[in-house]
Amino acid sequence: MQGLADDGLRVLYCTSGHNDRAHNAAIFETVQQGTAASALQAAFLSEAAMIDRLGVPPDHPNVLPFHPVPPETPPEFLDIHAGEWETSIMLAMNPKTMKDSVLPSLVSTRLGPEALAIWRNGHEDARRVTPLGYFGDPATDFHRAPVRRATFTSR
């Protein structure tokens with residue numbers, strides 16, 4: 001993170017859609033260390049439930065917990081990687097990072113648990129299951145109100 005601070009970046013948000021505790025703990029620890037060792041103010045952006053699971057107080061200066069708003073109806077297909085959840089967060093936090101010309105054209109992968117089992121093998125299996133790199137429905141919230149899927153704790 002020091003290199004990013006040296007390049008003039010002052011604020012950094014790190015997020016993860018993965019639910020693995022060790023994975024998220026590593027991100028949080030890295031955010032803490034990077035902030036302590038540089039002029040960069042970094043925050044781990046994560047669901048409040050994960051922040052709690054890590055044992056981190058929600059008002060810790062290096063976390064930005066949010067509470068997802070459940071969909072009105074449960075999704076028919078899985079949303080695993082770069083789908084509605086992660087795209088919603090990016091649209092809510094920094095809509096300029098999303099390509100408005102591309103996002104509406106992305107269609108749901110319409111995949112379930114069987115495809116997920118193959119996708120988790122990684123590498124060629126993942127590319128075969130999700131050739132465009134996403135597993136879910138990234139355009140769902142583009143056509144609705146993107147910010148309604150996540151409410152952020154303000155500081």
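The values are calculated or read from the model by the stated rules, or taken from the named source; none is laboratory data. Values in this document were obtained by computation on a predicted structure and should not be read as measured data. Glycine also receives a Cβ, built like all others from the backbone with ideal geometry; neighbour counts cover every protein chain displayed. Areas reflect the complete protein model, heavy atoms only, side chains present, ligands, DNA and RNA absent. Shrake-Rupley method; radii C 1.70, N 1.55, O 1.52, S 1.80 Å.
General observations
- Residue in segment 82-93 that is modelled with pLDDT under 95, farther than 26 Å from G8 by Cα, open to solvent by 20 Å² or more (accessible area, probe 1.4 Å) and touching a helix residue (DSSP H, G or I) at 6+ places or on another chain (Cβ under 8 Å) present: yes
- Note on segment 101-131: residues that are in a loop (DSSP other than H, G, I, E, B), modelled with pLDDT of 85 or more and either under 17 Å from W85 (Cα atoms) or among the hydroxyl-bearing types (S, T, Y) (or both) amount to 8.
- Which numbered condition D79 fails, given (1) over 16 Å from H18 (Cβ atoms); (2) modelled with pLDDT of 80 or more; (3) acidic (D, E): (1)
- Here Y13 passes the criteria (1) in a strand (DSSP E or B); (2) surrounded by fewer than 18 Cβ atoms within 10 Å (Cβ to Cβ); (3) without any contact (Cβ under 8 Å) to a residue 40 or more places away in the chain except the one numbered (3).
- Yes/no for H23 being over 19 Å from T140 (Cβ atoms) and in a loop (DSSP other than H, G, I, E, B): no
- Unmet criterion (only one of (1) exposed (fewer than 13 other Cβ atoms within 10 Å of the Cβ); (2) modelled with pLDDT of 90 or more; (3) at negative phi) for P70: (2)
- Counted residues, segment 16-59 - those being open to solvent by 40 Å² or more (accessible area, probe 1.4 Å) and more than 19 Å from the chain's Cα centre (by Cα): 7
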